[in-house]
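K.L.:
Just dropping this structure here.
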Amino acid sequence: MAPPQTHGPGNAMRVVEGARHLPPARGDRMLAATFLECSVFMREFLPEDLKLEVEKISREEAMKAARYSATVVGKAHARQMTAATRTLWHAELGRNRSADFDAPNW
């Protein structure tokens, strides 16, 4: 098998440079590098980059975003548990799930 070609950070540098010209200048928090002989770029995310502007989306989109966020958090919690604890936790979540969930409308 032939070894992968080394490209250097050239392609990633083009991505970073292009991002610097976008409003807002996304490239200011980006870095081009070489990783495992591949051209890559990394971007720093700040808390404000990850905010969800709920007032600008529909109820259905908000429900999908909430479900996705809950899944991410649930999987992160589950990874920290042993298999036995995870099984008990999953069973407890299912036991307490209600079909007529009465949440505040705020």
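The values are calculated or read from the model by the stated rules, or taken from the named source; none is laboratory data. Keep in mind it's a predicted model, so treat the numbers as computed, not measured. Note: ideal-geometry Cβ built from the backbone for every residue, glycine included; neighbour counts use all protein chains shown.
K.L.:
On the basis of being part of a helix (DSSP H, G or I) and either modelled with pLDDT of 70 or more or not aliphatic (A, V, I, L, M) (or both), does residue 34 make the cut?
P.N.:
Considered against the rule, which asks whether it is part of a helix (DSSP H, G or I) and either modelled with pLDDT of 70 or more or not aliphatic (A, V, I, L, M) (or both), residue 34 comes out as no.
K.L.:
Next up: Would you please name the residue that is surrounded by the most Cβ atoms within 10 Å (Cβ to Cβ), looking only at residues in region 47-65 that are outside any helix (DSSP H, G or I) and modelled with pLDDT under 75?
P.N.:
52
Yes or no, residue by residue, for (1) under 27 Å from residue 66 (Cα atoms); (2) touching a residue at least 12 places away in the same chain (Cβ under 8 Å):
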| site | (1), (2) |
| --- | --- |
| 12 | no, yes |
| 21 | no, no |
| 38 | no, yes |
| 47 | yes, no |
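K.L.:
Here is a check on your reading of the model: is residue 1 at pLDDT 85 or above and not hydroxyl-bearing (Ser, Thr, Tyr)?
P.N.:
no
K.L.:
Hey, can you tell me all the residues within region 17-48 that are closer than 30 Å to residue 63 by Cβ and out of contact with any helix residue (DSSP H, G or I) (no Cβ under 9 Å at 6 or more places or on another chain)?
P.N.:
24, 47, 48 - these are the residues of region 17-48 that are closer than 30 Å to residue 63 by Cβ and out of contact with any helix residue (DSSP H, G or I) (no Cβ under 9 Å at 6 or more places or on another chain).
K.L.:
Related question: For region 70-86, give me the residue count where each residue is assigned to a loop (DSSP other than H, G, I, E, B) and loosely packed, with under 10 Cβ neighbours inside 10 Å.
P.N.:
2
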